[in-house]
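The values are calculated or read from the model by the stated rules, or taken from the named source; none is laboratory data. Predicted, not measured: the structure shown is a model, and the values here were computed from it. Cβ atoms come from the backbone with ideal geometry, glycine included; neighbour counts cover every protein chain shown. Each accessible area value is taken on the protein alone, full model and side chains, heavy atoms only, with ligands, DNA and RNA left out. Shrake-Rupley method; radii C 1.70, N 1.55, O 1.52, S 1.80 Å.
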Amino acid sequence: MRKKIIAANWKMNQTIADAASYLDSFLLEVADEKRIDIVIVPPFTALAYVSERLSKVQHVKSGAQNMHWEKNGAFTGEISAGMIRELFARYVVLGHSERRTLFGETDEIVNKKTKAAIAATLTPIVCIGETLAERDAGQVEQVLHTQLTGSLAGIPAKELADVVLAYEPVWAIGTGRTATPEQAQEAHAYIRKVLAEISDAATAEKVRIQYGGSVKPGNTGALMGQPDIDGALVGGASLVARDFAEIVKISAAL
Ligand SMILES: O=C[C@H](O)COP(=O)(O)O
């Protein structure tokens, strides 16, 4: 049985002051929700603060939104896995579609970052997903296959088992247009099939696959009730503490 993992990707939102009042209410709301993993992914500027607050709460962890694959060097504006780990963050989101589309991240780059994160004992949340044009052209499986084999190349099964994947159809991100539970389940089942091909069936069964794209309290139950959906990567709805707490509670109760 895979433990569900629900993550709040705040993207470029929330100051330290915002994070403080958010956590005041969110941590009270989810104080008893210890059946699932909960992750808060703030912008880098609030990561130290959020990690410090969460160090007193065992069941909620922090994560970063991006990192560079090198340990250090002349990479202005970048930070390394070791720097994230120094803040006691446990997760890092890699290859988010906004990184791929707006900042030119390729599967090769995501692969280097994933390996560097694992080497630094961070758990990567590797994002994949098709655009609307690709879905309309019937290329969903082809796109997911390319992204999976490229982003996860050369990662041994033992390490792959602990990687978290996030299936985020690009057309559902921030649009209010959610994949139906059936569409999401179909994609997740295919992802697990590809995972079995690139590792083995037992490893594929262990990998947790989140769904992301306009997840809200109202659609959480139907999505999280699907057999191959093991959690959610939540953007917009995670900015409101009460909404994100509701998503956590609905997921934990399933
Ligand atoms: O990382 C989160 C995803 O991009 C989903 O964002 P959204 O919930 O605002 O659609």
From the options Ala161, Ala172, residue that is at pLDDT 95 or above, open to solvent by less than 50 Å² (accessible area, probe 1.4 Å) and not basic (Lys, Arg): Ala161
Criterion first (open to solvent by 30 Å² or more (accessible area, probe 1.4 Å), polar (S, T, N, Q) and away from the ligand (no atom under 16 Å from the Cβ)) does Ser21 satisfy it? yes
If you go through region 24-42 one residue at a time, how many are open to solvent by less than 40 Å² (accessible area, probe 1.4 Å) and either under 15 Å from Ile250 (Cβ atoms) or of a type outside the set (A, V, I, L, M) (or both)? 7
I'd like the full set of residues that are open to solvent by 10 Å² or more (accessible area, probe 1.4 Å) and in contact (Cβ under 8 Å) with a residue 40 or more places away in the chain, limited to region 212-240. Ser214, Asn219, Ala222, Gly225, Gln226, Pro227, Asp228, Gly235, Gly236, Leu239
Being assigned to a loop (DSSP other than H, G, I, E, B) and free of Cβ contacts under 8 Å to residues at least 40 places away in the same chain is the filter; apply it to region 129-145 and report the residue that is nearest to the ligand (Cβ to nearest atom). Gln139
Residue count, region 14-59, condition hydrophobic (A, V, I, L, M, F, W, C), over 18 Å from Arg85 (Cβ atoms) and outside any loop (DSSP other than H, G, I, E, B), comes to 9
